[in-house]
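S.K.: Let me begin by handing over the structure; questions about it come next.
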Amino acid sequence: MEIAFAFVFALVVGSFLNVCIIRLPQNLSISVPRSHCPKCKKLIPWYDNIPILSYVALGARCRHCKKKIALRYPLIEALNGFVGILLYLQFGIGIEWFIFLGFCSAMVVLATIDIDHRILPDPITLNGIWIGVLASIVLAPSHPLIPRAMRWIGMEVTNPRLIAFIASILGIVVGGGLLWFVAEAYLRLRGIEGMGFGDVKMMAMVGAFLGAPLALLTIMLGSLFGSVIGLAFIQFNRKSRNYELPFGTFLAAAAIIAVLYGEQLIQLYIDRMIRPAL
Ligand SMILES: [Zn+2]
């Protein structure tokens, strides 16, 4: 029952994400006007706006003008529904599930807008930073390293919410700071902007939600995806070497993996690589 709720709820959110993906880059309101067909401008009634089902029932065409509906809409809905299920399997249904579904949904929107326009809109990334700090304080996950580090500089911190707040701020500094450093170095060395500062703000947001260790994991995984998939894509499509990759898209995919399996991946890394070396 709960898993069905997780799926359906995430599907409905996915339907709203489609609206954000189209409207945010154009600076349009995401609440008004109501959804309408981009071709004939007719309002879409609620029964034609049910995630995935309506797409199938309508045969992928607008009820009025019969123009094709892009396959991307149901795909984004299905992707979000799938992420909703994976989050449920990891966290169950609770405050964690809702917060991380919100975070992953924002990542889906950023990933798609970056593919379409090569931008990562400030309304998502900048608001995501302070929402991430608040979410961390609410969730207050355990951060065994923070009290130790604070004791090292002579401060005793025991309040779990204060620890979570410090971890979130550290996440912003490490996640955003590292990408800022790379972007700045790239700009100085090659004289071109290899990475937009949208990526910097996006990683500050990821750090705010997930803390420094998972933000670092996100950058590592994102760079790995970017180099493997990106280079294969450039090769396959015979694009020029200066073809601008949507790095934000790779970071977004990496961030979702970090939410779901980051703790396990880091533990695995410590067990396999660090322990044997000691
Ligand atoms: Zn139409």
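S.K.: So which of SER136, SER142 ends up being among the hydroxyl-bearing types (Ser, Thr, Tyr) and open to solvent by 20 Å² or more (accessible area, probe 1.4 Å)?
M.R.: After applying the criteria, what remains is SER142.
S.K.: May I ask you to list the residues in region 19-51 that are more than 16 Å from the ligand (Cβ to nearest atom), open to solvent by less than 70 Å² (accessible area, probe 1.4 Å) and not in a helix (DSSP H, G or I)?
M.R.: Across region 19-51, the qualifying residues are SER29, ILE30, ILE50, PRO51.
S.K.: Would you mind finding the one in SER168, SER142 that is farther than 19 Å from GLY222 by Cα, not in a helix (DSSP H, G or I) and not aromatic (Phe, Trp, Tyr)?
M.R.: SER142
S.K.: Going through region 31-51 one residue at a time, which ones are in contact with a Gly (Cβ under 9 Å, 6 or more places away or on another chain) and more than 17 Å from LEU17 (Cα to Cα)?
M.R.: none
S.K.: Give ALA4, ALA10 a once-over and let me know the one that is open to solvent by less than 30 Å² (accessible area, probe 1.4 Å) and away from the ligand (no atom under 16 Å from the Cβ).
M.R.: ALA10
S.K.: If we keep just the residues of region 52-63 that are part of a loop (DSSP other than H, G, I, E, B) and open to solvent by less than 20 Å² (accessible area, probe 1.4 Å), which is nearest to the ligand (Cβ to nearest atom)?
M.R.: So, considering only residues that are part of a loop (DSSP other than H, G, I, E, B) and open to solvent by less than 20 Å² (accessible area, probe 1.4 Å), the one nearest to the ligand (Cβ to nearest atom) is CYS62.
S.K.: Look at ILE124 and say whether it is under 18 Å from THR249 (Cβ atoms), touching a Pro at 6+ places or on another chain (Cβ under 8 Å) and open to solvent by 20 Å² or more (accessible area, probe 1.4 Å).
M.R.: no
S.K.: When only residues in region 145-159 that are not β-branched (Val, Ile, Thr) and not in a loop (DSSP other than H, G, I, E, B) count, which is surrounded by the fewest Cβ atoms within 10 Å (Cβ to Cβ)?
M.R.: The residue in question is TRP152.
S.K.: What are the residue pairs meeting all of these: first residue in region 27-54, first residue acidic (Asp, Glu), second residue within 16 Å of the ligand (Cβ to nearest atom), Cβ atoms under 7 Å, and 6 or more apart or on different chains?
M.R.: If the second residue must be within 16 Å of the ligand (Cβ to nearest atom), the pairs left are ASP48/SER54; ASP48/LEU58; ASP48/ARG63.
S.K.: Can you run down the residue pairs with Cβ atoms below 7 Å, 6 or more apart or on separate chains, where the first is in region 1-15 and under 17 Å from VAL109 (Cα atoms) and touching a residue at least 40 places away in the same chain (Cβ under 8 Å) and the partner is among the acidic types (Asp, Glu) and open to solvent by less than 40 Å² (accessible area, probe 1.4 Å)?
M.R.: LEU11/GLU77; GLY14/GLU77; SER15/GLU77
S.K.: Among the residues of region 258-272, which ones are of a type outside the set (Gly, Ala, Ser) and crowded, with 20+ Cβ neighbours inside 10 Å?
M.R.: Matches in region 258-272: VAL259 only.
S.K.: Being within 16 Å of the ligand (Cβ to nearest atom), surrounded by 16 or more Cβ atoms within 10 Å (Cβ to Cβ) and not β-branched (Val, Ile, Thr) is the filter here; which residues of region 64-86 pass it?
M.R.: Of everything in region 64-86, just one residue is within 16 Å of the ligand (Cβ to nearest atom), surrounded by 16 or more Cβ atoms within 10 Å (Cβ to Cβ) and not β-branched (Val, Ile, Thr), namely TYR73.
The values are calculated or read from the model by the stated rules, or taken from the named source; none is laboratory data. Since we're looking at a predicted model, the values are computed, not measured. A quick note on method: Cβ atoms are made from the backbone with ideal geometry, for glycine too, and the neighbour counts reach across all protein chains shown. Protein only, heavy atoms only, side chains kept; ligands, DNA and RNA dropped before computing areas. Shrake-Rupley method; radii C 1.70, N 1.55, O 1.52, S 1.80 Å.
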